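Worksheet for the structure shown next.
The values are calculated or read from the model by the stated rules, or taken from the named source; none is laboratory data. Predicted model only: the values in this text are computed from it and were never measured. Here the Cβ is made from the backbone with ideal geometry for all residues, glycine too, and neighbour counts use every protein chain on show.
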Amino acid sequence: MMNTGSSVSLPLRLWFGAEVFFGLAAILSITIAPQDTASNFAWTIKPTVTAAILGAFYASVAPIFVLAMVARRWEMVRVIIWPAIVFTSVELAATWIHWDKFRVDSGSFMLWYASYLLPPPIFLALFLYQVRRQVTLPALEPMGKTLRLTLCALGCLFTLEGLYSFVRPEHFTANHAFEVTVLTARATAGWIVALGLMMVSMAWEGARERARIGSPFLILPLPLLFLQMSRFADEVDWSHPRLIAAFALFAATSLLGLWLAKGNWRSSLS
């Protein structure tokens, strides 16, 4: 009999649904109306373009959790888990470090706090449960060595940049194309880490059908960041070298995502 891998457990599927809820709440607030963070978000973000940038990342990652909800096999969603654990841990650390900046008596904050306090232990527990049940599944669409090395190299670059910016936020705040606070710099750094670890996780899996579900998170940041920043173009120095370099890196990431998205989606979701 053909080895079809192990199924996604019901608790993990339900938690993916919870992540979709958290993501939708963020999109309805900070993505759609970044100018209203004083009333619709966990803290007031200024300038508005930096809120819009965070909103772009929330919109970029949302599709992968929707896809994960409908995927049937654990091997096809495994690529998401460790990036999610590390990302939510980084955002939780930023919350604790800058506790005084948050509107802790607001419903928006409680939703924010729950969305980062709960995922690390829940994802870790569900990961360990799934690992005990998993079986060896050969790659249907093995990645070539060049693709794996490219994903690993670019992923490590993003991850290290994000971690350094979290530890030393002045690296991000002192010389950028727009003004940014230390808290927003650390929150953004978490997203850079998440994107980097997603690419490393894809390279580790070594199979395109297992990486495909994460490809929207590679494809979407470039167009969504440009769209969100364009809404508040007067707050951005479009000729700044760091912005140009960042867009070049996101362009490379988007191309990798488009390449990974090609192929048989049925094999990744069924």
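I'd like the full set of residues that are aliphatic (A, V, I, L, M), loosely packed, with under 15 Cβ neighbours inside 10 Å and more than 18 Å from Ile45 (Cβ to Cβ), limited to the stretch 220-251.
Scanning the stretch 220-251 gives Ile244, Ala245, Ala248, Ala251.
Find all pairs meeting these conditions: Cβ atoms under 7 angstrom apart; at least six residues apart or on different chains; first residue within the stretch 127-138 and over 11 Å from Ser9 (Cα atoms) and touching a residue at least 60 places away in the same chain (Cβ under 8 Å); second residue of a type outside the set (Asp, Glu) and exposed (fewer than 10 other Cβ atoms within 10 Å of the Cβ).
Val135/Asn3; Leu137/Asn3
Tell me which helices (runs of 4 or more DSSP H) are completely within the stretch 193-270 and hold 3 or more residues being within 29 Å of Glu179 (Cβ to Cβ), without any contact (Cβ under 8 Å) to a residue 60 or more places away in the chain and under 19 Å from the mean Cα position of the chain (by Cα), or say none if there are none. Show your work before the answer.
On the way: elements: 208-211, 215-219, 221-231, 241-261, 265-269.
Of the helices (runs of 4 or more DSSP H) lying wholly inside the stretch 193-270, those with at least 3 residues that are within 29 Å of Glu179 (Cβ to Cβ), without any contact (Cβ under 8 Å) to a residue 60 or more places away in the chain and under 19 Å from the mean Cα position of the chain (by Cα) span 221-231, 241-261.
Starting from residues that are small (Gly, Ala, Ser) and within 21 Å of the chain's Cα centre (by Cα), keep the ones in the stretch 28-56 and report whichever is farthest from Phe226 (Cα to Cα).
Ala42
Which ones in the stretch 38-58 are surrounded by 22 or more Cβ atoms within 10 Å (Cβ to Cβ) and more than 14 Å from Thr188 (Cβ to Cβ)?
Of everything in the stretch 38-58, those that are surrounded by 22 or more Cβ atoms within 10 Å (Cβ to Cβ) and more than 14 Å from Thr188 (Cβ to Cβ) turn out to be Phe41, Ala42.
List every residue pair whose Cβ atoms sit under 7 Å apart, with the two residues 6 or more apart in sequence or on different chains, where the first one lies in the stretch 139-165 and is more than 17 Å from Phe250 (Cα to Cα) and surrounded by 13 or more Cβ atoms within 10 Å (Cβ to Cβ) and the second, anywhere, is of a type in the set (D, E, K, R) and modelled with pLDDT under 95.
Leu140/Glu209; Glu141/Arg208; Glu141/Glu209; Met143/Arg208
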